[in-house]
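First the structure, in the form of structure tokens, and then the observations on it.
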Amino acid sequence: MTPLLKSPRGSDRHGFKKTHSWVVFCTLLGCFFVSSGCNKTPPASFRSNMIEATKQRLSQSQEKQVATVLLAMFGTPDNPVVLAETGLDLEKLTLCAGPVRSDIVGRKNGLYREHCAHCHGITGDAMGPTAAFLNPYPRDYRPGVFKFKSTERVEKPTHVDLVRILHNGIAGTSMPSFALLSETQIDALAEYVKYLSIRGETELSLMRAFFELDDDAKGILPETREFLIGEMLLPASEKWLAAKESQIPVPLISEGVDLVESIAKGKALFYGDKANCVKCHGVTGLGDGQANDYDDWNKPIVEIDKELRGTRERIKVTATASMSPEELAEHVALQDWVTKLSQVLDGDSLKPRTVVPRNLRHGVYRGGRRPLDLYYRIYAGINGAPMPAAKGAVSPEDIWHIVNYVRSLPYEFDGELGADRPLIARERF
Amino acid sequence: MNILQPCRRSFWPHFIACVLVAVTAVLLSFGALVTTFDAAMAVPDWPNTYGHNMFLYPLADWLWGPWDLFLEHGHRLLGATAGMVTLALFAAAWWWQERGIVRALCAAALVLVVVQGILGGARVLLDDRTIAKVHACTGPLFFSIAIAIATLTSRLGTIVQKTIRKVANQTSFKEPSSLPAVSSVALLSAAYLQLVAGAQLRHLDASIEPASFRWMVFLHLFGAAVVTLLAILTAASSWSRRFIPSDRLLREDTSSELALCIWSTCIVGLVIVQGMLGAGAWVVSWGVPTGFFFEWMQWNLTEATVARSPTGAAVVTAHVVIGMMILGASVVMAILAGTRAGWCRTDDRPEEAVA
């Protein structure tokens, strides 16, 4: 007979101890998740641009001054402040700021944290929790550079450009479409992106301003309205206000132009010296040309890293024995700076990635697939990316020919595949 | 609590426990939807709903109002219902003098449902995501207890126990392996911890570093691998005895063995579905994790995903619900396998009466 049958009910094996074990089990599990995080979530805060601060060798008090000025000018992620000079609408920002919550039936606030912050980060520094898993990385708004827009290369996008990107998403990336959000919500989110961008640019200006201070300033920025608003804030915010005026002029393609002829002309330009698209997009248009460049967000990280490695090498070979006390102090300060910068790079940046020229055979155009979008991309290039502007070198009419050729590339007959079937990179090998 | 005392078996405790499981399943699904749509703060006050008594909030405003409000207020009403059903179950277990373990579990369920309600209220009043995480971890724990009560009061466990007893009287009886029981208890623990890890990802704090998030993701993926292996082990160990030709149990103990085999196979099926839903949930929540793969593994993303699409929300919510189903099925499996291995008893008759 097995012990199973001999054990009376309630004995050690089948009775109370079992009950106790359940209680112990539940208690342990309870302890596990309670101990996993009992602290109340701290209020959200903007993260300082530590890479720039360390690069500019700002002292702690200088970092604090920048943070104080920014707090006064822009408030916190939960309570944004708007100065009239920015032209931003506080009501829209309030809809996006703070934690996700409703104050009246059906009105949801905290839209940025609900939809955007997990990738773009609360500060808009592209250091949200999920950022490392994305390729391309999410956009860092702080330098104020945006790729897909209808304005001249160095200008800001219009509000409509931001709304279009939010509405359509960016095909070929992890940026989703927010088409299911209401127009009011998308409009408010576009405003919040501008707010974060202006804040980020102002922060950069403030940090760089220390470098130009006179000795009399004793390392402290003047806290006058003229300096803070006039010299730091306005250069960033005025560009946003002027974006509408710098829209790219789009001449209509001449009537009566034969499409086949236009594509042939576009092809000649694509491979020609004037447009020279083949340099990056490759002879085949598969995006297999020059591919070792970085965009404007990754390039500074690569350069800082290079500088860091060079400085480290220099420190290693420098003999300290014959140094004067002043030189030694300087040497130690340099060592500290190198250590701090490498720590900041580890924590505040992601591994740089090269920018890959677009494979034009896919038929996927990140900035939009309308012919007009392609015209904008070719005319003004892509700000922040190595794609140059054809403006000046190629006439508007010729740009339309290139647009027609680019649009025909996914369906180009190469003698093997059907004309109705897109040629994709995989099938080439 | 004396489990030796004779019991007045009744249909009601089991029936109420089943009602509780059903209500809790809907409640947890609503809770999962609340998190998916970030609707926890759709009603800023608690226990009232926009100033109304929770139970007196206009029905039309709830049913035809904003989707977020429908979810959050519905979650509260279901929570209150679950609380009342738990109270009824507790009373029934005492009235019909259920066994000690059942009564203890009913008491634990009652305490937990009150704690869970307070946590839900605190999450709203303090607007705190940490409490939301704890609230999300307590829910499945309560669900597990409700399932355990329903199983322990059911005939299923009794059948297993009786068959074992009957077969054990045979001279050629071979003591059942404890491997299915061990692995199913391990599976139950892993499935719960996996839900805890998942709750950290679901209630993502946007201010955490990418490095911390990476660890959380790897922990969840590691948990998924452990749950999969344990589910396979449980199923394999349950099925293995059916293929031992000399074993008398093959002929005599068919029903209890089949119960284990079916449950464990169902769990494996759920785990497979769960894996696919997990991949889908990631994509609809945070986009395709292209940075996770090497450059040469990149594929072409032709279309942008649509945030908050009904399909996307269904995938994410189903991932949570299936996770809870795996947990619930593991609880049943652990009880059945534990009974079969002689670890616990699910019937109410003293052994001596049979012997």
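The values are calculated or read from the model by the stated rules, or taken from the named source; none is laboratory data. Worth saying up front: this structure is predicted, and the values here are computed from it rather than measured. Virtual Cβ from ideal backbone geometry, glycine too; neighbours counted across all protein chains shown. SASA here: full protein model, heavy atoms, side chains in, ligands and nucleic acids out. Shrake-Rupley method; radii C 1.70, N 1.55, O 1.52, S 1.80 Å.
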Looking at the range A:113-122, which of the residues that are outside any loop (DSSP other than H, G, I, E, B) and in contact (Cβ under 8 Å) with a residue 12 or more places away in the chain is farthest from the other protein chains (Cβ to nearest Cβ)?
-> A:HIS120
Would you please name the residue that is nearest to A:ARG164 (Cα to Cα), looking only at residues in the range B:280-318 that are at pLDDT below 75 and in a helix (DSSP H, G or I)?
-> B:THR290
Hey, A:GLY110 hits all of (1) within 14 Å of another protein chain (Cβ to nearest Cβ); (2) farther than 30 Å from B:GLY51 by Cα but one; which does it fall short on?
-> (2)
Filtering the range B:66-106 for residues that are in a loop (DSSP other than H, G, I, E, B) and out of contact with any helix residue (DSSP H, G or I) (no Cβ under 8 Å at 6 or more places or on another chain) leaves a count of 2
For the range A:123-164, which residues satisfy the criterion of being of a type in the set (D, E, K, R) and either at the interface with chain B (Cβ under 9 Å from one of its Cβ atoms) or open to solvent by 20 Å² or more (accessible area, probe 1.4 Å) (or both)?
-> A:ARG139, A:ASP140, A:ARG142, A:LYS147, A:GLU152, A:ARG153, A:GLU155, A:ARG164
Could you list, in sequence order, all residues of the range A:173-232 that are within 14 Å of another protein chain (Cβ to nearest Cβ) and not in a helix (DSSP H, G or I)?
-> A:THR173, A:SER174, A:MET175, A:PRO176, A:SER177, A:PHE178, A:ALA179, A:LEU180, A:LEU181, A:SER182
Output the residues belonging to the range A:92-107 that are free of Cβ contacts under 8 Å to residues at least 60 places away in the same chain and either more than 7 Å from every other protein chain (Cβ to nearest Cβ) or part of a loop (DSSP other than H, G, I, E, B) (or both).
-> A:THR94, A:GLY98, A:PRO99, A:VAL100, A:ASP103, A:ILE104, A:VAL105, A:GLY106, A:ARG107
Name, by its number, the condition in (1) at pLDDT 95 or above; (2) under 22 Å from the mean Cα position of the chain (by Cα) that does not hold for B:ILE131.
-> (1)
Within the range B:100-130, can you find the residues that are at the interface with chain A (Cβ under 10 Å from one of its Cβ atoms), without any contact (Cβ under 8 Å) to a residue 60 or more places away in the chain and surrounded by 24 or more Cβ atoms within 10 Å (Cβ to Cβ)?
-> B:LEU105
Cβ pairs under 7 Å, 6+ apart or interchain, first in the range B:133-149 and facing chain A (nearest Cβ under 10 Å), second outside any helix (DSSP H, G or I), ordered by first then second residue, are B:LYS133/A:GLY37; B:LYS133/B:HIS203; B:ALA136/B:HIS203
Look through the range B:172-184, keep the residues that are crowded, with 22+ Cβ neighbours inside 10 Å and modelled with pLDDT of 90 or more, and return whichever of them is farthest from the other protein chains (Cβ to nearest Cβ).
-> B:SER183
Take the residues in the range B:16-55 that are among the β-branched types (Val, Ile, Thr) and farther than 18 Å from B:VAL124 by Cβ, then tell me which one is most open to solvent (accessible area, probe 1.4 Å).
-> B:VAL26
Restricting attention to the range A:189-243, which residues are surrounded by fewer than 22 Cβ atoms within 10 Å (Cβ to Cβ) and either outside the structural domain of A:ASP78 (by TED's automatic domain parsing) or of a type in the set (Val, Ile, Thr) (or both)?
-> A:ILE220, A:THR224, A:ILE229
Go through the range A:333-348 and give me each residue that's open to solvent by 30 Å² or more (accessible area, probe 1.4 Å), away from chain B (no Cβ under 14 Å) and not polar (S, T, N, Q).
-> A:ALA333, A:LEU334, A:ASP336, A:LYS340
Look through A:GLY282, A:GLY289 and report the one residue that is under 18 Å from A:ARG361 (Cα atoms), touching an Asp or Glu at 6+ places or on another chain (Cβ under 6 Å) and touching a residue at least 12 places away in the same chain (Cβ under 8 Å).
-> A:GLY282
Selection from the range A:139-156 of residues that are over 17 Å from the mean Cα position of the chain (by Cα) and among the hydroxyl-bearing types (Ser, Thr, Tyr) | A:SER150, A:THR151
Could you check how many residues of the range A:267-308 are acidic (Asp, Glu), at pLDDT 90 or above and loosely packed, with under 15 Cβ neighbours inside 10 Å?
-> 2
